[in-house]
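Structure, as structure tokens:
Read-outs: derived from the displayed coordinates by stated rules, not from any lab. Because the structure is a prediction, the values reported are computed rather than measured. Please note: Cβ atoms are built from the backbone with ideal geometry, for glycine as well, and neighbour counts cover all protein chains shown.
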Ligand code: FEO
Ligand code: CA
Ligand code: CA
Ligand code: CA
């Protein structure tokens, strides 16, 4: 068992080698099974999946496409019963619809099916007796099961932007109710048992920005919504299915996406909310730490090259057990963006070489954007700062980062870890060059950042930071694994979602492995003699991104989301590049991994 001061529980599994297999490959001795896949029944009355007879109505009862974030929430304090909550980030229409000949050629029925495949799922699951395996509850009441979709689920806007001119539309003149959630990437679980989900690349669903009012264009452009052409190539043209996706007609509709969403899976009748106080950007995820004074800090990344790391601090304090109160916490608070300082910036040459003092490290401050309900950005109102958060942040000089993805606190130390996935444009013409906190130019493999709040105060405004891991091939001198013997570590590329086990080991899943081999899940101790000994625990089938991950409270079952298996140029339903999980066509799905001896995952 884990001994304090000696580092976290050892990770004794044998590393999985890099590969290109069309399989979920797990560490030797571990078992796996598929829990649920795209098209499986979620709510009562769901028809059996039939690729040739898909419909929006069927999809709204079935498990959606492209599962990213996964939360496992115990039911009735039991370790045998839980709710699985999952994000359905986006769709691969070419892999969904037989006979696909291009996005522009989809029928409106198919477009609506794809819209319905976006969103989230809540699924009641049970543990198979005597093992670490889990499966959906087949004959339960299914009272909790729920599909939240982009097609029909109503969301309530909360916070300072709710009801303002920025979010009013002809269909919602009050500016308080949004249909659907889009591009939900990763997320987090709150201490009060709800799930937070980040609306990330929502820009891709809108067309017609060239016809939007001139004053809206700077923001549309900053958020990656093309203002130059009505139908950007590869666009889904969803305005055919629903005119609100045409920004010429409804320029404010884009302002109703790009938020952090909160869902209470234990109340299936609850209206999910979009919390505007947390700002609007390409939200990767949101993870919470309770500050010493009881206020709640929410850490968030904006996943874009040269974008920023954010923190939100609630005005009110967390009250254990008082969920009526806690459900209101994210509706008001202060929003900050991170500015990093360096002790040795002059020595950073962009190669990844450590500076003379032997570490990439320094201090930093959280710059306020909104504080005490007042805008801290000259010339912008609170409404403007929260809706056009990127433009507001640009004005106050935060540090441009290498695509901040998931951000999570180590439950043992309270230190914050940020996955910076990659930034191949770092140091290229006209772009920011390497600095100490983003130390490599043309950064194709990414790095992990550690942030330690001063005095452990997560509501505070100053911190120190360091980089424990610079990803890549350990044989490459431009990599770093906390000083560990690099001949013993696995190569890793493009960190994305992060998770901690109970003893404080960091688990990292990857997306877009620049070595050309499959993505995977890695684990690494952060303290003690094994600090930096990073090993690959599993790899996902070819073409897939590794998502989730999530551990059960007892540490014996690991859930991993296999997102977009077989996503390769030219692949289709009829000619799939992957046949995971059923041996015929590629389908995203969630798998569970366990050890038949009942060991903790990683032993
Ligand atoms: Fe959907 Fe930033 O990954
Ligand atoms: Ca991600
Ligand atoms: Ca995470
Ligand atoms: Ca990613």
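For region 350-405, the Cα-based Rg and Dmax, in that order, read 15.6, 45 Å. Sorting 201-207, 581-587, 520-526 by their mean Cβ neighbour count within 10 Å, with the most densely packed peptide first, gives 520-526, 201-207, 581-587.
Give me the Kirkwood hydrodynamic radius of region 155-218 in Å, from all C-alpha pairs, to one decimal place?
Details: mean 1/r = 0.0711 Å⁻¹.
Every distinct Cα pair counted, the radius reaches 14.1 Å.
Over region 159-261, the pair-distance histogram of Cα-Cα distances with 10 Å bins from zero comes to 15, 45, 31, 8, 1 percent, rounded to whole numbers. Normalised by residue number, the volume inside the convex hull of the Cα atoms of region 297-346 is 109 Å³ per residue. With distances taken between every two different alpha-carbon atoms, region 75-217 has a Kirkwood hydrodynamic radius of 18.1 Å. A Stokes-Einstein calculation at 10 °C with viscosity 1.306 mPa s, built on the Kirkwood radius of region 253-312 over Cα pairs, returns a diffusion coefficient of 123 µm²/s.
When the convex hull of the C-alpha atoms of region 419-504 is computed, what volume per residue in Å³ does it have? Write down the numbers at each step before the final one.
On the way: hull volume 11.4 nm³, N = 86.
In region 419-504, the Cα convex hull volume per residue is 132 Å³.
Only helical runs count toward this figure. For the chain, summing -39,500 (n - 2.57) over DSSP H runs of n ≥ 4 and dividing by all residues gives -1500 deg cm²/dmol at 222 nm. What the Cα convex hull of region 323-377 gives, in volume per residue, is 144 Å³. Pairwise Cα distances in region 78-129 exceed 19 Å for 46 percent of all pairs.
Ranked highest first by average number of other Cβ atoms within 10 Å, how do 429-440, 187-198 line up? Don't jump to the answer; show the numbers that get you there.
Values: 429-440: 18.8, 187-198: 23.4.
Answer by packing, highest mean first, reads 187-198, 429-440.
Derived value for region 219-279: Kirkwood hydrodynamic radius 13.8 Å. Basis is the mean of 1/r over every pair of different alpha-carbon atoms.
Modelling each spin label as a point 7 Å along the Cα-to-Cβ direction, I'd like the residue 324/residue 248 distance in nm, to one decimal. Rounded to a tenth, the inter-label distance reads 5.1 nm. Were the residues from residue 344 through residue 476 laid out at 0.36 nm apart, the gain over their Cα-Cα distance would be 45.3 nm.
Assuming a ≥ b ≥ c are the square roots of the Cα gyration tensor eigenvalues, decide whether region 477-573 counts as rounded (a/c under 1.5), prolate (otherwise, with a/b larger than b/c) or oblate. All intermediate terms of the calculation are to be shown ahead of the outcome.
Working: a/c = 3.10, a/b = 1.37, b/c = 2.26.
Oblate is the answer for region 477-573, as a/c is 1.5 or above yet b/c matches or exceeds a/b.
For region 456-514, the calculated P(r), taken from all Cα-Cα distances in 10 Å bins from zero up to the bin holding the longest distance, is 18, 42, 30, 9 percent.
Quick one: plug the Kirkwood hydrodynamic radius of region 5-111 (C-alpha pairs) into Stokes-Einstein at 25 °C, 0.890 mPa s, and report D in µm²/s.
Numbers: Rh = 17.6 Å.
Answer, rounded: 140 µm²/s.
Calculated FRET efficiency, residue 109 to residue 462, Cβ-Cβ distance, R0 = 56 Å: about 0.55 to the nearest 0.05.
Normalising the Debye intensity of region 310-408 to I(0), with uniform scatterers on Cα atoms only, and taking log10 at q = 0.13 Å⁻¹ returns -0.63.
Would region 511-558 count as rounded, prolate or oblate if I go by the C-alpha gyration tensor, calling it rounded below 1.5 in a/c and otherwise prolate when a/b exceeds b/c, oblate otherwise? Mind showing how you got there, number by number?
Values: a/c = 3.08, a/b = 1.32, b/c = 2.34.
Oblate, since a/c reaches 1.5 and b/c is not below a/b.
Remark: C-alpha extents of region 224-369 on the principal axes read 59, 49, 25 Å, sorted largest to smallest. Compactness of region 330-483 was expressed as the Cα radius of gyration divided by 2.2 N^0.38 Å, which yields 1.10. Per 20 Å bin, what percent of the C-alpha pairs of the chain does each bin hold, from zero upward? Once binned at 20 Å, the Cα pair distances of the chain give 21, 58, 21, 0. What FRET efficiency would be calculated for the residue pair residue 215, residue 374, taking the C-beta separation as r and a Förster radius of 25 Å, to the nearest 0.05? With R0 = 25 Å, the Cβ-Cβ based efficiency is 0.60.
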